[in-house]
Amino acid sequence: MTAPAGPGTAESDRSAARRRSTDPRRAAFRLLVSPPVVALVLFLIVPLLLMGSVSFRSDLSGNLLAPFSPTLKQYQQAAAGEGYWRLLGISALTAFGVAAIATVGAYPIAYYLAFRAGRRAALYLILLLVPFWTSYLLRVMAWKLMLGSEGVLNTFLQATGVINQPLDALLYNRGAVIVTLIYVWIPFAALPILAGLGRIDVRLHDAAADLYASPFQQFRRVTLPMSLPGVVVAFFIVFIPTVGEYVTPLLVGGTGGTMYGNIIQDFFTRAANWPIGAALSMIMLTTTLGLVIVGLRIVDPRRLLDR
């Protein structure tokens, strides 16, 4: 049976609490963490709360913060629209394909930087980050110029005699959206994979070679399993924002490449119907979070880290 704590024990606990509160490392930690926490609340949590409150309005009369009677009318309208769900499914499948291809395409780049680039790894990493220095819109517009009827690809094919007339099928369709998004996201996907590969001790490869493992066996039994957490992170970094993508489909997709985000944009801009747009946004957010949770349950990063 445990003896009750005496006055000395309580005093020591208070002394330890005072030491922790005056620890300079804890104070420095709180100082460093406070700005990002405040920014996260102001620019993520608060907008999400406002979006959620707007989705329960019957209309947008009055101020956003004005009292209103909550209603599920917008969610009922969104649930009744089969086209919304179909487009959300198409967007999720498109995002899955883009994320998978971008992750697979980024892996060799990260592998080369981690194990083969040597002293030039820093230079190659800077070159990988060069696209981040330019506008996202400019990078998307570059693909529009390349795939257009008078773009680089059509001009080259006509000059070499492969085709006689420009190919209109290269632009304003879902294929153009997928190609452009893969190009945009590969540098982002390479970074978490590179971080995962950086955790691997290169001596493990030497040990595997001493046990007569071939290069492919070393990759399959050592490198790939230990880098899987980075691969999972890279996949979700691409998948989550791609589900709600609307800029790229707007510029290179046309009517044939419309995604769920374009419908939300139309409700917020052209239709000026913020409540239904907010309801569709919350449905997309909930669906995406649900897919991510299911994916993380299937591929548990904690289990991968323990390997």
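The values are calculated or read from the model by the stated rules, or taken from the named source; none is laboratory data. These numbers come from a predicted model, not from an experiment. We place every Cβ from the backbone using ideal geometry, glycine too, and count neighbours over all the protein chains shown.
Structure notes:
- Residue selected from region 62-80 under the condition of a type in the set (S, T, N, Q) and either touching an Asp or Glu at 6+ places or on another chain (Cβ under 7 Å) or at pLDDT below 90 (or both), by the criterion nearest to residue 282 (Cα to Cα): 69
- Test for residue 209: is it in contact with a Ser or Thr (Cβ under 9 Å, 6 or more places away or on another chain) and farther than 21 Å from residue 89 by Cα: no
- Test: residue in region 160-177 that is of a type in the set (A, V, I, L, M, F, W, C), closer than 27 Å to residue 288 by Cβ and free of Cβ contacts under 8 Å to residues at least 24 places away in the same chain: no
- Some residue of region 232-247 being touching a Lys or Arg at 6+ places or on another chain (Cβ under 9 Å), aromatic (Phe, Trp, Tyr) and crowded, with 17+ Cβ neighbours inside 10 Å: no
- Where helices (runs of 4 or more DSSP H) fall wholly inside region 211-287, the ranges with 1 or more residues that are farther than 20 Å from residue 99 by Cα and polar (S, T, N, Q) are 215-218, 260-268.
- Some residue of region 64-84 being without any contact (Cβ under 8 Å) to a residue 40 or more places away in the chain and touching a Leu at 6+ places or on another chain (Cβ under 8 Å): yes
Here is a yes/no grid of residues against (1) more than 19 Å from residue 244 (Cβ to Cβ); (2) charged (D, E, K, R); (3) out of contact with any Leu (no Cβ under 9 Å at 6 or more places or on another chain); (4) not in a loop (DSSP other than H, G, I, E, B):
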{"position": "28", "(1), (2), (3), (4)": "yes, no, yes, yes"}
{"position": "31", "(1), (2), (3), (4)": "yes, no, yes, yes"}
{"position": "45", "(1), (2), (3), (4)": "no, no, yes, yes"}
{"position": "59", "(1), (2), (3), (4)": "yes, yes, yes, no"}
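- Check on residue 219, touching a Phe, Trp or Tyr at 6+ places or on another chain (Cβ under 9 Å), surrounded by fewer than 17 Cβ atoms within 10 Å (Cβ to Cβ) and modelled with pLDDT of 90 or more: yes
- Subset of region 125-178 [among the aliphatic types (A, V, I, L, M) and more than 27 Å from residue 259 (Cα to Cα)]: 125, 126, 127, 128, 129, 130, 157, 159, 162, 163
- Yes/no for residue 102 being more than 30 Å from residue 196 (Cβ to Cβ), surrounded by 10 or more Cβ atoms within 10 Å (Cβ to Cβ), out of contact with any Leu (no Cβ under 6 Å at 6 or more places or on another chain) and small (Gly, Ala, Ser): no
- Looking across region 151-175, the residues that are assigned to a loop (DSSP other than H, G, I, E, B), surrounded by fewer than 15 Cβ atoms within 10 Å (Cβ to Cβ) and of a type in the set (A, V, I, L, M, F, W, C) come down to 162, 163.
- For region 72-99, a residue qualifies if it is of a type in the set (S, T, N, Q) and exposed (fewer than 15 other Cβ atoms within 10 Å of the Cβ), and exactly one does: 76.
- The residues in region 107-134 that are among the polar types (S, T, N, Q) and in a helix (DSSP H, G or I) can be counted, and the count is 0.
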